[in-house]
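Notes follow once the structure below has been shown.
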Ligand SMILES: NC(=O)c1ccc[n+]([C@@H]2O[C@H](COP(=O)([O-])OP(=O)(O)OC[C@H]3O[C@@H](n4cnc5c(N)ncnc54)[C@H](OP(=O)(O)O)[C@@H]3O)[C@@H](O)[C@H]2O)c1
């Protein structure tokens with residue numbers, strides 16, 4: 001049973017129940033991991049950082065700022081006992097990272113990555129025909145991948161107030177229950193969530209990241225923006241979608 005961040009555990013044979021926050025493994029200790037991890041720790045989630053250098057001073061400082069229950073481990077170990085796994089590594093590192101993490105069966109995997117590259121115009125462009133999220137889901141079919149947080153800057157993840165107003169985190173995924181769970185987490189972190197359909201739509205969310213990066217790539221950071229998607233805007237009549245001819 002999962003409700004708003006609390007997992008009710010029934011201790012085998014005793015009938016004793018215990019509420020606890022789910023354990024969240026954050027893979028990668030860079031800008032995204034370093035922004036989300038401390039905030040999740042502050043909300044009471046035990047955070048386990050999956051790092052290539054779990055014993056480094058840098059990672060120790062991150063752990064120290066992430067609540068009493070947090071710790072760091074090598075990536076493959078960090079996911080043991082984790083209910084939710086956040087993939088916050090560069091796209092170029094995802095193949096090796098997934099190999100190290102194993103199957104992740106039964107876990108919710110939040111994919112923050114973007115399969116992007118820099119093109120000749122010094123702009124970001126998609127590096128794959130589908131999306132990082134779909135490719136990741138194929139690699140870990142027993143996990144429920146939810147695309148989230150991929151088109152918002154790490155500075156806004158760390159402090160949503162820097163977004164200058166409401167910020168929407170669109171979610172794509174094939175497992176409705178996993179999306180509902182991630183939506184609650186997104187809202188606990190101070191964002192609005194919006195279900196934008198199946199995981200196949202992650203390719204459009206990764207396209208939103210291409211656009212998000214334009215002000216940064218072109219040196220016009222005064223034009224940097226955040227996504228806020230207002231809902232309730234459909235006309236008040238029956239709305240028919242005609243299939244494409
Ligand atoms: N930065 C943003 O504002 C932002 C926003 C939305 C989405 N994203 C996406 O989120 C992902 C993480 O971005 P980030 O900005 O946090 O990246 P980052 O600052 O470069 O940090 C990535 C972390 O991944 C780990 N890692 C594992 N294998 C690696 C490898 N081969 N090379 C480098 N690092 C490796 C490292 O942690 P350890 O050294 O502890 O292993 C590293 O600190 C990316 O896919 C990015 O596209 C970023």
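Just so you know, all these numbers are worked out from the coordinates, no wet-lab data involved. Since the model is a prediction, treat every value here as computed from it, not as a measurement. Using ideal geometry, Cβ is built from the backbone for each residue, glycine included, and neighbour counts are taken over all protein chains shown.
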Would you please classify the overall shape of segment 89-211 from the alpha carbon gyration tensor, given that a ≥ b ≥ c denote the square roots of the eigenvalues, rounded means a/c under 1.5, and beyond that prolate means a/b larger than b/c while oblate covers the rest? oblate
To check you understand DSSP bridge types, tell me what percent of the beta bridges within segment 2-223 (both residues inside) are antiparallel, rounded to 5. 35
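Considering Cα pairs under 8 angstrom that are at least six residues apart, work out the relative contact order of segment 153-240 and quote it in whole percent. Before the final figure, lay out the partial values.
On the way: 74 pairs, mean separation 25.6, N = 88.
Here the relative contact order equals 29 percent.
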Using alpha carbons only, how many degrees (0 to 90, rounded to 10) separate the axis of helix 176-188 from the longest principal axis of the chain? 90
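Among 131, 193, 70, which comes first, second and so on when ranked by fewest other beta-carbon atoms within 10 Å?
Numbers: 131 26, 193 19, 70 22.
Going from sparsest to densest Cβ surroundings: 193, 70, 131.
Taking 22 Å as R0, compute the FRET efficiency from the Cβ-Cβ separation of residue 60 and residue 93 and round it to 0.05. Intermediate values should be presented prior to the final figure.
Working: r = 22 Å, r/R0 = 0.99.
Step by step, r from the Cβ atoms, then E = 0.50.
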Contact order relative to length of segment 71-199, as percent, for alpha carbon pairs under 8 angstrom and 6 or more apart: 20
If I model a spin label at residue 211 and residue 236 as a point 7 Å from the Cα along the Cα→Cβ vector, what separation in nanometres do I get? 2.9
Between segment 93-160 and segment 46-87, the alpha-carbon center distance in angstrom: 19
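How large is the Kirkwood hydrodynamic radius of segment 46-133, counting all unique pairs of alpha carbons, in Å?
On the way: mean 1/r = 0.0691 Å⁻¹.
Mean inverse Cα-Cα distance, inverted, gives 14.5 Å.
Take the alpha-carbon positions of segment 139-245, form their convex hull, and give its projected area averaged over all directions (one quarter of the hull surface) in nm².
Working: hull surface 39.2 nm².
Mean projected area of the Cα convex hull: 9.8 nm².
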Using the basic label-point model (7 angstrom from Cα toward the beta carbon), what is the residue 120 to residue 139 distance in nanometres? 3.0
Just from its helices, what would the mean residue ellipticity at 222 nm be for the chain, if runs of 4 or more DSSP H residues each count -39500 (n - 2.57) and the sum is divided by every residue, rounded to the nearest 500 deg cm²/dmol? -8500 deg cm²/dmol
Of all DSSP beta bridges located in segment 39-145, what percent are antiparallel, nearest 5? 25
